[in-house]
1. Show log10 I(q)/I(0) for the stretch 171-319 at q = 0.13, 0.20 Å⁻¹, two decimals, from a solvent-free Debye sum over equal Cα scatterers.
2. May I ask for the net charge around Y228, where only other residues with Cβ less than 12 Å from the Cβ of Y228 are counted and Lys, Arg are +1 while Asp, Glu are -1?
3. Among S260, L292, F245, which residue has its Cα positioned farthest towards the positive end of the charge dipole of the stretch 241-319, with +1 placed on the Cβ of Lys and Arg, -1 on the Cβ of Asp and Glu, and the dipole taken about the Cα centre?
4. Given Cβ point charges of +1 (Lys, Arg) and -1 (Asp, Glu) and nothing else, what value in debye, to the nearest 20, does the dipole of the stretch 244-319 about its Cα centre take?
5. With every protein chain left in place, what is the accessible area per residue of the stretch 153-305 in square angstrom, probe 1.4 Å?
6. How large, in percent, is the carbon and sulfur part of the accessible surface of the stretch 170-317 at a probe radius of 1.4 Å?
7. Given points 7 Å out from each Cα along the Cα-Cβ axis, report the S297 to D258 separation in nanometres with one decimal.
8. All other residues with a Cβ under 10 Å from the Cβ of G283 taken together, and with Lys, Arg as +1 and Asp, Glu as -1, what is their net charge?
Amino acid sequence: MTRRTGWIKIIAFLLGFVLLLQGLSYLFIVRGSGNKNALTIMKQEENSLDYILIGDSECYSSVSPMEIWKNYGLAGYNCGVIGQHVQYTYYLLAEILEKQSPGIVLMETNALFRSSKGGGELETVVDNAAARYFPLLQYHNGWKKIRLSEISQFRPFQKVTKTDVLKGFHYRPQIEPYTGGEYMVPTDSIKPIESIPMHYLNCIADLCEEKGIRLILYSSPSPDNWNYKKHNAVEQYTEERRITFLDLNLKTEELGIDWSKDTTDCGDHLSFPGAKKVSSWIGKWLSDNTDLPDRRSDSRYASWNELLPQYLKRTHQSE
């Protein structure tokens, strides 16, 4: 075998590997729980969203944009992705902002305290950049959601629908009570945000500032994930950056949270009754404290009104 033939084989192998990786990435994103949000958001009409939500599963379990639309007429989308690290949140946001120009970005804070992968910071940065172009590297858990029957039916160029009745929100009616008692015990101690999440949080804040977008950090009620040390860390950061911080773990009484029915998994994520309470609170806060418009009478958003009966049916609510 000549040297030239050897190089041709190497190049052919690498090209085939790249194409395979991209194809599998598409499959796993579409079928992975929560991951399809990253695709569906790209199918929304350009510059049609006034606010977006970003973060991990605490994000997509806590705020229903259609609930906010129903009560306040604000047009938004929940872009939460399961198990998401802050670096991926940044890349997803940067891609979204190529098509959308929201006035508000609401970022759920749980992912700020998810540890970076092992192997050192340089390796993590390289992984992050690679995952932007090969999403399989980020959404590797998607294979758990795939059935053998679905693989045989897979069509690599199938269209992703624009119509998402839930607008990225995950409807969770199941209830498993939290019984652990008070979890927000005041302290002066701080749980530090690691260097890589902090770097990408700064990138997100800088990107929003550059685009003229108001960034708001919020913490969904979650006894399993949140505590006062984490609150203190985020509060310190937001005070330094002059960013609004809404810690709803300190507002559970105001929200009317009942841990016997407002969590779907013993205090990790909110159930739908809990999410309705958070969505109502967030919607009212946005309506009272921002200049986002009520678009329920705007003919350009007629499709949102048309989706509302489907949303109510999907979430088992009466019109």
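1. -0.78, -1.30
2. -1
3. L292
4. I would put it at about 320 debye.
5. Each residue of the stretch 153-305 exposes 53 Å² on average to a 1.4 Å probe.
6. That fraction is 44 percent.
7. 3.6 nm
8. 0
The values are calculated or read from the model by the stated rules, or taken from the named source; none is laboratory data. Model, not experiment: these values are computed from the prediction. Cβ: placed from backbone, ideal geometry, glycine included. Neighbour counts: every protein chain shown. We work out accessible area using only protein heavy atoms, side chains counted, and drop any ligands, DNA or RNA first. Shrake-Rupley method; radii C 1.70, N 1.55, O 1.52, S 1.80 Å.
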